[in-house]
Amino acid sequence: MVLVIIGVFSFIKLPTIEDGGDKAEEGKDTATFKAPLARQPHFTWGVFTQFLYIIAQIGINAFAVNYIVENAMVKDASGTTSTAPLFAWYASITHAATADATAAYVVTLAMVLYAVGRFTGAPIARAIKPNLLLAIYGVANTIVILLAIADIKMVSWMILPLCWLFMSIMFPFIFAMSLRNLGAQTKIAASFHVIAVGAAGSISAVLMGWLWDRYHSVGISFTLPLIGFIATTIYGLVYPSLLEKSAKAA
């Protein structure tokens, strides 16, 4: 697919992107911050928060099936496996061949919640300030992950899908908030988010896997996403003061 896209673009004359338009707009926008990006805390905190959030998101996606199976199916001392009634019922209606397949269908429902959260996030943000909404969703996901870490057998797996609902707005909100009022620096600032996503994605699953191997519990490995959601909550709460400091930076 990448080669096909390269082939298509090789026959298309793309417009030249110049900074002139941005500078013209910058002149009209009295709120544009002039300081270098490194001196604008609403941006630097945003990139770091995005890095931690992506670690959380990718880690949860990578280990959700493992966690659901481990939590919904419990083996006692005699070796007998007990299955959560709702999990067994869901397996029967989806005709899943294995426990992993059933857990994957649970993740499918979680992705539906993600879509619902994404489409409802913007309308809700009209009534609640985006930074406060980000903080509220961060608190909600912190609670969800704490319950996942608690590993309440046959219960925590049912709560975990709510994590996708509250993750839905996090990437776009952090991205937009950290790029606010950057004027001509917006393009280069956005590229730092791309770097943060790539870096976080390259280490997330590895770190969570190490925690799982080290402590023999997928629940403990979820402490990594917990850090990401706490960081997201803090960013949402302190954002107004960060923005004020960026405005005063020189």
Inset, instruction - Can you send over the solvent-accessible area of residue 5, 1.4 Å probe, protein chains only, in Å² to the nearest 10? - result: 90 Å²
Legend entry - the chain: angle of helix 186-215 to the longest principal axis, Cα-based, in degrees nearest 10: 20 degrees
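Of all accessible surface on region 148-199 at a 1.4 Å probe, what whole percent is carbon and sulfur?
On the way: 1650 of 2040 Å².
Roughly 81 percent, rounded to a whole number.
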Legend entry - region 192-232 - accessible surface per residue (Å², probe 1.4 Å): 48 Å²
Legend entry - Dimensions in Å of region 133-250 - Rg and Dmax from alpha carbons: 16.6, 55
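Write down the accessible area per residue of region 21-180 in Å², having rolled a 1.4 Å probe over the full set of protein chains.
On the way: 7740 Å² over 160 residues.
Result: 48 Å² of accessible area for each residue.
Can you give the helix-only mean residue ellipticity at 222 nm for the chain, where every DSSP H stretch with n ≥ 4 adds -39500 (n - 2.57) and the sum goes over all residues, rounded to the nearest 500 deg cm²/dmol?
On the way: 12 runs with 189 residues, N = 250.
Roughly -25000 deg cm²/dmol at 222 nm, from the helical runs in the chain.
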Legend entry - Cα convex hull of region 1-159 - mean projected area over all directions, nm²: 16.2 nm²
Legend entry - Normalised contact order of the chain, rounded percent, pairs of Cα under 8 Å and 6 or more residues apart: 39 percent
Legend entry - Scattering curve values for region 148-194, log₁₀ I(q)/I(0), Debye with Cα scatterers, q = 0.26, 0.27, 0.30 Å⁻¹: -0.90, -0.94, -1.03
Inset, instruction - Report the dimensions of region 120-185 along its three principal axes from the alpha-carbon atoms, largest first, rounded to Å. - result: 52, 25, 14
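First compute the accessible area of region 72-119 with a 1.4 Å probe, then give the percent of it belonging to carbon and sulfur atoms.
Details: 2000 of 2920 Å².
Looking at region 72-119 in its full context, I get 68 percent from C and S.
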Legend entry - Angle between the chain longest axis and helix 223-248 axis [Cα atoms, degrees, rounded to 10]: 20 degrees
Inset, instruction - Just read off the accessible area of residue 165 with the full protein assembly in place, 1.4 Å probe, to the nearest 10 Å². - result: 40 Å²
Inset, instruction - Please tell me which of these pairs span more than 32 angstrom C-alpha to C-alpha: 129/248; 13/248; 13/129; 129/153? - result: 13/248; 13/129; 129/153
Inset, instruction - Mind running the shape call on region 54-102? Use the C-alpha gyration tensor, a ≥ b ≥ c as the square roots of the eigenvalues: rounded below 1.5 for a/c, prolate if a/b tops b/c, oblate otherwise. - result: oblate
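The values are calculated or read from the model by the stated rules, or taken from the named source; none is laboratory data. This is a predicted model, so every value here is computed, not measured. The accessibility values were calculated without ligands, DNA or RNA, using every heavy atom of the protein model including side chains. Shrake-Rupley method; radii C 1.70, N 1.55, O 1.52, S 1.80 Å.
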